[in-house]
Amino acid sequence: MGILDGRVVIVTGAGRGIGRAEALECARQGASVVLAEYDPSPAYDVADEIIASGGRAIVASGDVADTDFVDRTVAATVEEFGRLDALVNNAGILRTSELADMSDDEWDSVIRVHLRGTFAPTRAVCRYWRGSGRHGRIVHTTSIAGLYGFHGQANYGSAKAGIAAFTAIVASEMQQYGVTSNAIAPMALTRMTTDVVDENPSDGEFRFLAADNVAPLVTYLCSEDSGHISGKVFGVQGDSVEIFQPFTSVAEIRAGGRRWDPAELSGRIGELFEASGIPAGPENGMAKMRYKPG
Ligand SMILES: NC(=O)c1ccc[n+]([C@@H]2O[C@H](COP(=O)([O-])OP(=O)(O)OC[C@H]3O[C@@H](n4cnc5c(N)ncnc54)[C@H](O)[C@@H]3O)[C@@H](O)[C@H]2O)c1
């Protein structure tokens, strides 16, 4: 018995890394899995692995930012398995560059895959759930690069912060249909991170940064049991699961029933930093990480 017995899950970018681990864990937990992946060869390997262990999986090969592809994938899923219970928006790419050196293509390609590639599949499944009356689960993939703001990742971080906002908005809109929308900010050693993340030699038997460690939380968020949780962002890596505070106002100054004079703000703006403890200058996003790799 698994927590996803009889359920059907679409995982995007399921051919490698975190998506592969999520697809395999969903299948281990009893789900039929649709592997939506740009690169068919690794996706078929994952499907073969699931089928060899007695599970059910199909590959949908295409670009998650392509509306036709995702609409067809949702229709094919329902035709093949008779239902759809969860979507895991995981597909992603990284193009790191300082802003002053960033090309239009580096900006557009990252924004497209992450933001449009989260929007298009989410819209397709929301239409299905709204029309079918079934409950649904959506798990998006954000990143601490967006939540904390990492140097050299203006494109990627902006997309990931957008996904965190999207998570909350979809949660609010889809609550009436019994659909939850949550996001994870994972950390794992994959093709995407081999250049920036090192295996910690003190990990011992338990490989802290294995992509497999991200999958149990995602599997739980795809299950019927997690129906009371929505609009939340969780950090997940190794044996750790965190929850992030959404953007929240923490201090206020008022002009007293009239419009502010700009020069007056120069004298009073410091009250916001004093009251909140927030530094006035730019912050080092990396310093906010609980777990520091290396
Ligand atoms: N690895 C980390 O530490 C880390 C940290 C934060 C966030 N993330 C996020 O986790 C997700 C998975 O990353 P990963 O580390 O497993 O990367 P990865 O490169 O190992 O795997 C990503 C997969 O997505 C697929 N993909 C890319 N663009 C696609 C598209 N347009 N349509 C369909 N498939 C597409 C790729 O072919 C690949 O198989 C990404 O959204 C990434 O931004 C990863």
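The values are calculated or read from the model by the stated rules, or taken from the named source; none is laboratory data. Only a predicted model underlies this, so the values are computations on that prediction, with no experimental measurement involved. Because the Cβ atoms are built from the backbone with ideal geometry, glycine has one as well, and the counts that use them run over all protein chains shown. Areas reflect the complete protein model, heavy atoms only, side chains present, ligands, DNA and RNA absent. Shrake-Rupley method; radii C 1.70, N 1.55, O 1.52, S 1.80 Å.
What to note about this one:
- Estimated 222 nm signal from helices in the chain, with DSSP H stretches of n ≥ 4 weighted -39500 (n - 2.57), rounded to 500: -11000 deg cm²/dmol
- Trypsin sites (Lys or Arg not before Pro) restricted to DSSP loop in region 217-294 with at most 11 other C-beta within 10 Å: 254, 258, 259, 290
- Note on the chain: Rg/Rh from Cα positions, Kirkwood definition for Rh, rounded to two decimals, is 1.02.
- Solvent exposure of the chain amounts to 51 Å² per residue of accessible area, where only protein heavy atoms count and the probe is 1.4 Å.
- Sequentially through region 60-69, phi angles give Karplus couplings (6.51, -1.76, 1.60; θ = phi - 60°) of 10, 9, x, 9, 5, 8, 9, 4, 4, 4 Hz, Gly and Pro residues having no value and appearing as x.
- Residue-wise HN-Hα coupling along region 93-108, computed from phi with Karplus coefficients 6.51, -1.76, 1.60 (Hz; x: Gly, Pro): 9, 10, 9, 7, 6, 5, 3, 5, 9, 6, 7, 4, 5, 4, 5, 5
- 0 to 90° range, to nearest 10: angle between helix 154-174 axis and the chain longest Cα axis: 70
- The region of the chain that goes longest without hitting one of the GluC sites (Glu not before Pro) in a DSSP loop, each with at most 12 other Cβ atoms within 10 Å, is 99-204.
- Taking other residues whose beta carbon is less than 10 angstrom from the beta carbon of residue 65, and scoring Lys, Arg as +1 and Asp, Glu as -1, yields 0.
- Of the solvent-accessible surface of the chain, computed with a 1.4 Å probe over protein heavy atoms with every protein chain present, carbon and sulfur atoms account for 51 percent.
- Remark: region 40-45, residue by residue, has Karplus-estimated 3J(HN,Hα) of x, 4, x, 5, 5, 4 Hz, where x stands for each Gly or Pro and the curve is 6.51 cos²θ - 1.76 cosθ + 1.60 at θ = phi - 60°.
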